[in-house]
1. So is Gly70 open to solvent by 10 Å² or more (accessible area, probe 1.4 Å), over 21 Å from Gly18 (Cα atoms), modelled with pLDDT under 85 and of a type outside the set (Asp, Glu) or not?
2. Criterion first (open to solvent by less than 60 Å² (accessible area, probe 1.4 Å), among the β-branched types (Val, Ile, Thr) and over 22 Å from the mean Cα position of the chain (by Cα)) does Val162 satisfy it?
3. Quick one: Ile175 ticks every box in (1) under 27 Å from Glu152 (Cα atoms); (2) over 20 Å from the mean Cα position of the chain (by Cα); (3) part of a helix (DSSP H, G or I) except a single one, so which number is it?
4. Being open to solvent by 70 Å² or more (accessible area, probe 1.4 Å), farther than 15 Å from Thr76 by Cβ, assigned to a loop (DSSP other than H, G, I, E, B) and in contact with a strand residue (DSSP E or B) (Cβ under 7 Å, 6 or more places away or on another chain) is the filter here; which residues of segment 1-53 pass it?
5. Condition first: touching a Phe, Trp or Tyr at 6+ places or on another chain (Cβ under 6 Å) and more than 29 Å from Ala238 (Cβ to Cβ). Now tell me which residues in segment 178-213 satisfy that.
6. Give me the pairs, please: first residue somewhere in segment 167-190 and farther than 16 Å from Leu213 by Cβ and at pLDDT below 85, second residue anywhere and of a type in the set (Asp, Glu) and in a helix (DSSP H, G or I), beta-carbon distance under 7 Å, and either six or more positions apart or on two chains.
7. Report yes if Trp146 is open to solvent by 70 Å² or more (accessible area, probe 1.4 Å), of a type in the set (A, V, I, L, M, F, W, C) and either under 18 Å from Gly120 (Cβ atoms) or at pLDDT below 80 (or both), otherwise no.
8. Enumerate the pairs (first residue in segment 208-223 and over 18 Å from Leu243 (Cα atoms) and assigned to a loop (DSSP other than H, G, I, E, B); second residue anywhere and modelled with pLDDT under 85 and open to solvent by 50 Å² or more (accessible area, probe 1.4 Å)) with beta-carbon separation below 7 Å, excluding pairs fewer than 6 apart on the same chain, so at least 6 apart or on different chains.
Amino acid sequence: MSGANLPHADLTSADLTGANLTGAGLSGADLTDTYAETKRVDLTDTFTQNANLTNACLPGANLTAAHLEGADLSDTNLSGANLFEAYLVEANLTNTNLSNANLTDANLSGVNLSQTNLTGTKWTEGLDISQTFSAELRDDPSIDFWNTSFSELAKAGVPLTVDGIRRWGGGLSSIQISAAVDLGLPDTAAALPYESVLLGGWIEAGFTLEEALEWQEHIPTPERAADWRDCGLTPQEATAATLGRSSTYTSKARAAQARSE
């Protein structure tokens, strides 16, 4: 069926196991409840604009460069599917399972991804959420879309749902979000007061956020604090060594300084 022209065809509940539909014309076709059980279906470069794939079960399907503009993919299982460079403009992905799917360089303009399973999904690095999420999120003044990307949120394990984006779409990096979560902070708004710590290189130097908060009160730089910590000093002991209050601590501090130099 490669290259077949089947606009508005009724393929309801069809078994597409192993089917080769490369380049097929399926605009407006009804593919409701279609499935591919033992062998993946190949839908590379198909023209499926405005097609209905509701409740289809097509895990691992190859949809590379497929034209899915305006298609209804609600409640569809596309886990592990390859949607590289697919055109999904204005497609309906409500309750769609896209876990572990490849959406690199896919065009998702106008797509509403609320309630979509995006666990392990591969995205174009730095993809801007404002290009894909509904106006409900794009117009939310609490979300900094200029500095937020799918890739950063995914790295931090944030569920890419409306609720997840609302909580953590404030422009923090994946390292910052992970550190804030470790500290028990519930959302970006709570994490922002700790931003100077998060941006100061402390997390990158191997400190937890709690440790960083404690050490920063005594030692101004994470690199020097790490040297003294590795030498066995507490923040208070490091302060004493810095001020020369203890020969024991001072000798440990000098040893740490020698190693760093």
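The values are calculated or read from the model by the stated rules, or taken from the named source; none is laboratory data. All figures in this text were calculated on a predicted structure; none of them were measured in a lab. Cβ coordinates were reconstructed from backbone atoms using ideal geometry, including for glycine residues, and neighbour counts include every protein chain displayed. Keep in mind that these areas ignore ligands, DNA and RNA; they rest on the heavy atoms of the full protein, side chains included. Shrake-Rupley method; radii C 1.70, N 1.55, O 1.52, S 1.80 Å.
1. On the way: open to solvent by 10 Å² or more (accessible area, probe 1.4 Å): yes; over 21 Å from Gly18 (Cα atoms): yes; modelled with pLDDT under 85: no; of a type outside the set (Asp, Glu): yes.
In short, no.
2. On the way: open to solvent by less than 60 Å² (accessible area, probe 1.4 Å): yes; among the β-branched types (Val, Ile, Thr): yes; over 22 Å from the mean Cα position of the chain (by Cα): no.
Criteria not met by Val162.
3. All conditions pass for Ile175, except number (2).
4. Met1, Ser2 - these are the residues of segment 1-53 that are open to solvent by 70 Å² or more (accessible area, probe 1.4 Å), farther than 15 Å from Thr76 by Cβ, assigned to a loop (DSSP other than H, G, I, E, B) and in contact with a strand residue (DSSP E or B) (Cβ under 7 Å, 6 or more places away or on another chain).
5. Thr188
6. Hits for this filter: Ser173/Glu152; Ser174/Glu152.
7. yes
8. Hits for this filter: Thr208/Asp182.
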